[in-house]
């Protein structure tokens, strides 16, 4: 049985803010920050948007593109590090919204920026074992960056949903593997409003070590090199990190740029690889092969080897907006409005 | 007093050593030096370790015994001593080792320096380093290392016409040297524009005017010169050792453009060696900021007061210059793991005098100098070396 992606859908809020605008407030050279991080602007959720609404929008877009009866969905997982409730699942609201409830299993996942790909892996297991016919895996976040912290220049919002099944798959997932260690590079404790991080420690020993290890493990398992893939997408906390990883692994710009969204959307955390993969599926053709590696702090990486099938030619991509369409018709915010939108202004009595 | 020689040197790479603990790097540098000296562990009489603040960087005190223990020397019960004088900790540890051998009390002494600075946040690191300043008169008012050195730079520019470009030239030269040193933290050449376009830290000092925070360790093995040829064909003799102190606070100095402690320490070292600054072929000086190197080359006597910037701009301190300064890349490019810096300077000079510095080798280097500073100049240690 070939397990793979039956449908997918994405969502990104339309609001944006630039590093220059943020830098102006904090006395930081926003232009240099923008160049260093390779981020031109980042998405901002409106006051009415949160991880739940983003997950619902993405899941609805996913359902619009296929003829699957939502009652056939046996499992739904939402990966995020910004679930609106500490106790009470995001997933139940999403399941109701796409009319998949009540005969399914639901849970929320958290693994920093890679909870969404962990959800894909879980669904692959459930579908592959025959326990469920379809599983939904969602990665979505409205990530937090403390005012003035380096993270504020990148932490953004967005998400994507994947319907995992074994019939009419538009792309088979040929293989997945992971690399996981206890590496405390970034964390947020219960009750804390903003995450903390180990500065430059989040780079070499965290992001690069895990992504490179998972990527090399995958290439060695599949006996492949960068040349065997049409596209590649990596976790993108900024534009710089994934570009460096891609180069080290031998990928060229045409393979990487279609899934590189950080420069215009920012770091969507759990949404990052799911959104990048969605952007690639928006333009992929039958036979195309995709290399994807997610990264979550704490720390771990999930790698995927994906092949687009002939089914893609019959797939109704046009029934929901592409990532490119979601990334147009933008509204740019000033810092004051952004601060209000993100709940950074604490009013008396709050 | 016995004559003292260095018979072995060793160092780790300097930089972000995420995968190594403090004891790892201490042992790595120590073992490299011991292997270089071709001695056995049971021949070692004493260990001196330069370290500024392991207690606050990694919450570990009592580090001399720790390093002796994890180097396998616990059962030999060697004398193990930690030495602290902020940025000059390493140079001062070397002096303690030198005195111990010169006095005849110990024969074979290992002197190491180590610091693990990157396990804490940038802010915490800055607070820890500021502990070397005057807590009651400087730090409490918000002064930091860069802020105080910025005052020195401003005054030097005002008094002597030192230019922003000349400050940048120090960093450009040291990065060029660092690019030739396989153990340097930064092995990349930079331009004046890199320095002058980097983020402002404390006007006029920008990011590329400041030495980085680093993890790293370095070590040397000392023995009496008379016995040195048993271990090596090229012993490097320590021919002069000078140490001096000054007011802890910068504002108590008569002239903030002169480090009197450097002058005094140099005078003492030159007197012991019976040499003058003119005899020095290669020098490792304390360039924790670009302005520091300009002060150092003036106060050590290489150039007249106020001429350090111009001399740097004219290329007189490069590898082919009048006096080759910071051939390792200096604190700026080699890296500055505080307690290790003084020893790293000695390792570089020994490498130069042995003629083993490869692409950065100074031709016919015969006499070398190290200059290590604590705080804004409250401690200075100068050593002179010659091929034995």
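The values are calculated or read from the model by the stated rules, or taken from the named source; none is laboratory data. These numbers come from a predicted model, not from an experiment. Neighbour counts are summed over all protein chains in view; Cβ atoms, including those assigned to glycine, are modelled from backbone coordinates with ideal geometry.
Would you be able to say whether some residue in region A:17-30 is outside any helix (DSSP H, G or I) and away from chain B (no Cβ under 14 Å)? So far as region A:17-30 goes, yes, one or more of its residues are outside any helix (DSSP H, G or I) and away from chain B (no Cβ under 14 Å). Has region A:290-308 got any residue that is out of contact with any strand residue (DSSP E or B) (no Cβ under 7 Å at 6 or more places or on another chain) and over 19 Å from residue A:11 (Cβ atoms)? No: zero hits. On the given criteria, is residue A:100 more than 21 Å from residue A:304 (Cβ to Cβ), assigned to a loop (DSSP other than H, G, I, E, B) and at pLDDT 95 or above? Judged against the criteria, residue A:100 is a match. Number of residues in region A:108-164 that are within 30 Å of residue A:23 (Cβ to Cβ) and assigned to a strand (DSSP E or B): the value is 10. Pairing residues of region B:20-33 that are farther than 17 Å from residue B:52 by Cβ with residues that are part of a loop (DSSP other than H, G, I, E, B), at Cβ distances under 6 Å and at least 6 apart in sequence or on separate chains, gives B:28/B:12. Looking at this structure, is residue B:183 more than 23 Å from residue B:310 (Cβ to Cβ), crowded, with 17+ Cβ neighbours inside 10 Å and in the same structural domain as residue B:324 (by TED's automatic domain parsing)? Answer is yes for this residue. Residues satisfying the criterion are present in region B:308-317 (criterion: touching a helix residue (DSSP H, G or I) at 6+ places or on another chain (Cβ under 7 Å), outside the structural domain of residue B:16 (by TED's automatic domain parsing), part of a loop (DSSP other than H, G, I, E, B) and farther than 22 Å from residue B:379 by Cα).
Candidates are the residues of region B:195-248 that are without any contact (Cβ under 8 Å) to a residue 60 or more places away in the chain and in a strand (DSSP E or B); the one that is surrounded by the fewest Cβ atoms within 10 Å (Cβ to Cβ) is B:200. Looking across region B:1-52 at every residue that is part of a strand (DSSP E or B) and either more than 27 Å from residue B:86 (Cβ to Cβ) or modelled with pLDDT under 95 (or both), the one that is nearest to the other protein chains (Cβ to nearest Cβ) is identified as B:7.
Please list, ordered by residue number, the helices (runs of 4 or more DSSP H) wholly in region A:201-277 having 1 or more residues that are within 14 Å of chain B (Cβ to nearest Cβ) and in contact (Cβ under 8 Å) with a residue 60 or more places away in the chain. The helices (runs of 4 or more DSSP H) meeting that bar are A:209-222. How many residues does region B:248-273 contain that are over 15 Å from the mean Cα position of the chain (by Cα) and within 19 Å of residue B:323 (Cα to Cα)? Matching residues across region B:248-273 total 5. A single member of B:93, B:100, B:114 is more than 14 Å from chain A (Cβ to nearest Cβ) and not in a helix (DSSP H, G or I), and it is B:114.
Taking region B:117-128 as the range and being more than 14 Å from chain A (Cβ to nearest Cβ) and under 30 Å from residue B:73 (Cβ atoms) as the test, only B:128 passes.
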